[in-house]
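The values are calculated or read from the model by the stated rules, or taken from the named source; none is laboratory data. The shown structure was predicted, so the numbers you read here are calculated from the model rather than taken from an experiment. Cβ: placed from backbone, ideal geometry, glycine included. Neighbour counts: every protein chain shown. Heavy atoms of the whole protein, side chains included, go into the accessibility calculation; ligands, DNA and RNA do not. Shrake-Rupley method; radii C 1.70, N 1.55, O 1.52, S 1.80 Å.
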Amino acid sequence: MSVNNVDEKEQVIAINGWLILSWTDAFLQWDPALYEDIDMIVIPSKKIWLPDIAFENSVDNLFLDVERFAATVSSDGTVNFLPGGPITLLCPLNLTNFPFDVQICSIDIVSWTTPERAMIYKLGSFTKDLLVENGQWNIADLNASYIPFRDDGETFSEVFLHIMLQRKPLYQAMNTILPVIMMSFLNLAVFRLPPDSGEKVSLSITVLLAYAVWLLMMSSITPTTSDNLPLVETFITLFMGVSTISVFVTVFIIRLNHGDDSTPVPQWMKTLFCVRCGRTARSSSAKQLDSTDSTDSLGSTDSAETVTWKMMAQAADRVAFYTILAVTVIMLLTATGIIGCKSAYQPASFK
């Protein structure tokens, strides 16, 4: 059996495999001594009785095209039949831990019309040696269970073959997570540009649009459901929110930079943005007065009067840089911790 494709958007899985069926048909028994010691024959499957097997969760074909396959019949009436082919099945996916997720899909094999009193499924053995590797998914484990059900007073047989799939995260990590981490630090570059450069708003809006494009790409591969949102998509949205705030802060800083120096800077703004502003202002005041006496310079006009709007813009840039840096690091550490913890508690097998 091999996994051809897992469509996260449509919540389906395409597999290619076959069933190993065996039963005894009393009408197909013979004495090999009467037929030149022939104890086994191969005949077209359409010439013998076949169990009415259906795939209850199939998307395209409820029944396999069994007439393409031949059956092996032994002299004691034992029939061995190996039908197979590609089949697409419904598989509800939980993408919360994408791309470090583990999915469990099932193949629901049911007796469509024959009740249990006429035909009973018995589970045989299966081996993982026949599994074919997939570039995106590992088949971590297989498990089968037999659960009869009742319908219209009759009991029918149903077999569930559970497939545990573990995603290989390297491709998605390199193409989804790593670019988001790199983009998260671009917000910091906005506040290292001088307010007079004229490129601060352009850069902040470009980062915001990059997040929007990335979020659009994520929504194109995830199902439109609110049951389980990928944590990666949630954190991209949060980073997009930080980038949106950065745009408003950038506009505010540019507005400060072009403030009218004839209007004094409010005291609350000097208190909010800087401890160093006062020091810068005192240094500037000392240079303007060209005083050699430190006592006279400190006792001169209040340093608050010498704080300009450009100085406030530089101070706001500095505060915004360290604030965004702290928020970015905290969000990255939180995302790493949450995804790591959830991934650690995911099952590795059915045991």
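Ligands, DNA and RNA left out, the accessible area of the chain computed with a 1.4 Å probe is 60% carbon and sulfur. Each of Leu238 and Thr271 was given a label point 7 Å from its Cα along the Cα-to-Cβ line. The distance between the two points is 3.2 nm. Taking amide H positions as modeled 1.01 Å from N, with prolines and chain starts lacking one, the residues under 5 Å from Asp101 and 5 or more places away or on another chain are Arg167. Close amide H pairs (under 5 Å, H built 1.01 Å from N) link Trp137 with Lys168, residues at least 5 positions away or on another chain.
Per residue, the solvent-accessible area of the chain (1.4 Å probe, heavy atoms of protein chains only, all protein chains present) comes to 57 Å².
The listed residues Lys46, Lys122 rank as Lys122, Lys46 when sorted by accessible area, largest first, using a 1.4 Å probe. For the chain, the membrane-span-like helices by this rule, meaning whole DSSP H stretches whose C-alpha atoms cover at least 15 Å of axis and whose Kyte-Doolittle mean is -1.0 or above, are 200-221, 231-257, 309-344; this says nothing about an actual membrane. With R₀ set to 41 Å, the beta-carbon distance separating Ala189 from Asp227 gives a calculated FRET efficiency near 0.65.
Can you give the charge dipole size of the chain about its Cα centre, rounded to the nearest 20 debye, using +1 on the beta carbon of Lys and Arg and -1 on the beta carbon of Asp and Glu? Magnitude of the dipole: close to 1900 debye.
The chain has equivalent-ellipsoid semi-axes of 75, 16, 16 Å, by the square roots of 5 times the alpha carbon gyration tensor eigenvalues, sorted largest first.
Counting only protein heavy atoms and using a 1.4 Å probe, the accessible area of Asp196 comes to about 100 Å².
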